[in-house]
Amino acid sequence: MTQPTMLQYEAPWPVYAIDWCKTTAPGQQVRPRSAFRFAIASNTEDFRNRIAIVGLQDERVLVEDDYTEYPDFVTLVETQHGYPATCLQWQPSAAANHAWSSKGTASELLATTGDSLRVWEYTSDGQAMAASYVGRQPSGGGHRLSLKTSLAGQSKVQGQGTGAPITSFSWNEKAPNLIVTSSIDTTCTVWNIDTQSAITQLIAHDREVYDVAWLPGSTDIFVSVGADGSLRAFDLRSLEHSTILYETPVPKNIPPPSASPSSSARPPTSPLLRIAFNPADSNYMSTFHMDGTDVQILDMRSPGQPVMELKGHRAQVNALGWGSTENPLLATAGDDCQLLLWDLAGYGRVPSASPRNASSGLSSPRPDAKKRVITEPVMAYTGQSEIVNLAWSPPMPGMTLSSGHTTAPGEWIAVAMGKSIKALKV
């Protein structure tokens, strides 16, 4: 990534959760101020954590390299969060046209997880935003971030009266009133955030569940990964059983089992931390192991072993995410301070050969394919410290600024390192 177009923001606290807004602000045209917004959450070991929305200081930073007099981004609004947010997301793009029962047309929703699932409502006064003086922090008068609902259900697990901490969540793109959460109490819960109620809760894994993701285009099927080292798929239409798509290999040289192993004990395996679908071909998923330096690409049509393995990081991987173009790149980041971008389009099957129908069953057999090892990313960026998280922007159209300059179209990616956030043009 030679001489990338780069914007930066320094937060007042260490950042963990981050997400780029999916759509422009309600009622506003596609303008840089509206498109270049992200939400961030702090990670401090106390009950004084914060979440904030950050936006461009001045749109000229997109076209003038030497426009360094002021920071590229400023905090538009922030509020307290208590415990650190384990995950933070802006509403999916479909939410703008969803028939919400109690949401203003001029507001946008964000969600966070931690000790509960919280849904926030964000409103911004476009005029106040555009009129803020260059170099001055916006007064916050035009921006409001308020807690809409906090959901923490009863736990199915014995001895857990109230809901246990939530590790992550996935917001349904097709039905934006649906969110599925994962928890350390081994459960996943599907929520209707519009009616503020739990639709179903299921014991998903033998140990903690670390991440969850809806199958793109589906309102019934989701997958989860956890501390038991398995990737499982669930279908809300038939919850009596799940499909194990992948289990991490049993480590070599494990000690012999204890004298009285529990009846369901499986040899210790490496936990799986994150799961993400390729939005352009949802047969493919990416995941990685705790403390692992490699990323596994799995194919729903041939469960059991990865079809690809990405070997480029020199320290543990912390985050991954797919872009949203027709042939999306996969971004991975880790403790080696590296952001690596991978183009896997040439390695998979031709997507049109077997498009996955979101309403079809979970796994259709395909001939076993040998695992391909990929060691060359198409782009790399080295940060000044460990990269803990990343977030893609939606594809940006070319935008004409008030100065008459035009920005080039393309995607951006934001990475979080300590208190620093770098936004890089891909």
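Odds and ends about this structure:
- Heavy atoms of LYS22: accessible area, 1.4 Å probe, square angstrom to 10: 70 Å²
- Cross-link reach list, aspartates and glutamates versus LYS371, counting only Cα pairs under 17 Å and skipping chain neighbours closer than eight places: GLU247, ASP294, ASP299, GLU309, ASP343
- Å² per residue, accessible surface of segment 277-339 at 1.4 Å: 29 Å²
- Maximal additional length on extending the SER402-LEU147 stretch stands at 88.4 nm, based on 0.36 nm per residue less the C-alpha distance.
- Ranking of TYR122, TYR83 by solvent-accessible surface, largest first: TYR83, TYR122 (1.4 Å probe, protein heavy atoms only, all chains present).
- Relative packing of 200-207, 85-92, which averages over residues the other C-beta atoms within 10 Å, highest first: 85-92, 200-207
- Extension gain, PHE47 back to GLU240 (0.36 nm per residue minus Cα-Cα distance, nm): 65.6 nm
- Exposure of MET308 as accessible area (Å², to 10), given a probe of 1.4 Å and all protein chains: 10 Å²
The values are calculated or read from the model by the stated rules, or taken from the named source; none is laboratory data. All figures in this text were calculated on a predicted structure; none of them were measured in a lab. Note that we place each Cβ from the backbone using ideal geometry, even for glycine, and neighbour counts take in every protein chain shown. Side chains included, ligands, DNA and RNA excluded: accessible areas come from the protein's heavy atoms. Shrake-Rupley method; radii C 1.70, N 1.55, O 1.52, S 1.80 Å.
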